[in-house]
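Shown next, in C-alpha cells, is the structure this report addresses.
The values are calculated or read from the model by the stated rules, or taken from the named source; none is laboratory data. All figures in this text were calculated on a predicted structure; none of them were measured in a lab. Virtual Cβ from ideal backbone geometry, glycine too; neighbours counted across all protein chains shown.
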C-alpha cells in the first residue's frame, strides 16, 4: 500500500498534521468497525500505521501532487480582501500627503499679507 493510498483510504488530503490523520482514522473506524467489517478495519489499520511510521507524513506530503489551482484559490480567498484594504488605505494616505504637500507649497509662496487675507476671510 502506497502512502497516497493510505491518505485516500482515510479520506484525507495529504498533510503533515498527525492530529488530522488520527481524527480521520477514528472517523473511518465508525464506518468500518472491526467486528462488522474486519477487512475494512484491517485496511484502515494498515493505512494508519503506514502514515504513523517516522517520517511517513513528510514523505507522503512532499511526494503528493500539488493542486496549484486549489492553493491559489485559498490564497486569494485569504489575502485578496486584506490586500485591497491595504491598497485603499495606502492610496488615501498618499492622497492626503499630496494634498498637504500642495497646500504647504502654495502657502510657502504667499506673502504674509496674502496669507492674512486668505485666512482672515
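Pairs are defined by a Cβ separation below 8 Å, a sequence spacing of at least 6 or placement on different chains, a first member in segment 9-24 that is on the phi > 0 side of the Ramachandran plot, and a second member that is surrounded by fewer than 16 Cβ atoms within 10 Å (Cβ to Cβ) and assigned to a helix (DSSP H, G or I); the pairs so defined are 11/27.
Checked against (1) farther than 24 Å from residue 67 by Cα; (2) buried (at least 17 other Cβ atoms within 10 Å of the Cβ), residue 30 meets all criteria but (2). Counting only helices (runs of 4 or more DSSP H) that sit completely within segment 41-121, those holding 2 or more residues that are without any contact (Cβ under 8 Å) to a residue 24 or more places away in the chain correspond to 68-108, 112-120. From the set of residues in segment 44-77 that are exposed (fewer than 10 other Cβ atoms within 10 Å of the Cβ) and modelled with pLDDT of 90 or more, which is farthest from residue 34 (Cα to Cα)? It comes out as 77. When 18, 38 are checked against the criterion of being modelled with pLDDT under 90, out of contact with any strand residue (DSSP E or B) (no Cβ under 7 Å at 6 or more places or on another chain) and more than 15 Å from residue 64 (Cα to Cα), a single residue qualifies: 18. Could you check, for segment 97-112, whether at least one of its residues is under 30 Å from residue 17 (Cβ atoms), at pLDDT below 90, surrounded by 10 or more Cβ atoms within 10 Å (Cβ to Cβ) and touching a helix residue (DSSP H, G or I) at 6+ places or on another chain (Cβ under 9 Å)? No: zero hits.
If a residue must be under 21 Å from residue 63 (Cβ atoms) and outside any helix (DSSP H, G or I), how many such residues does segment 5-40 contain? Matching residues across segment 5-40 total 7.
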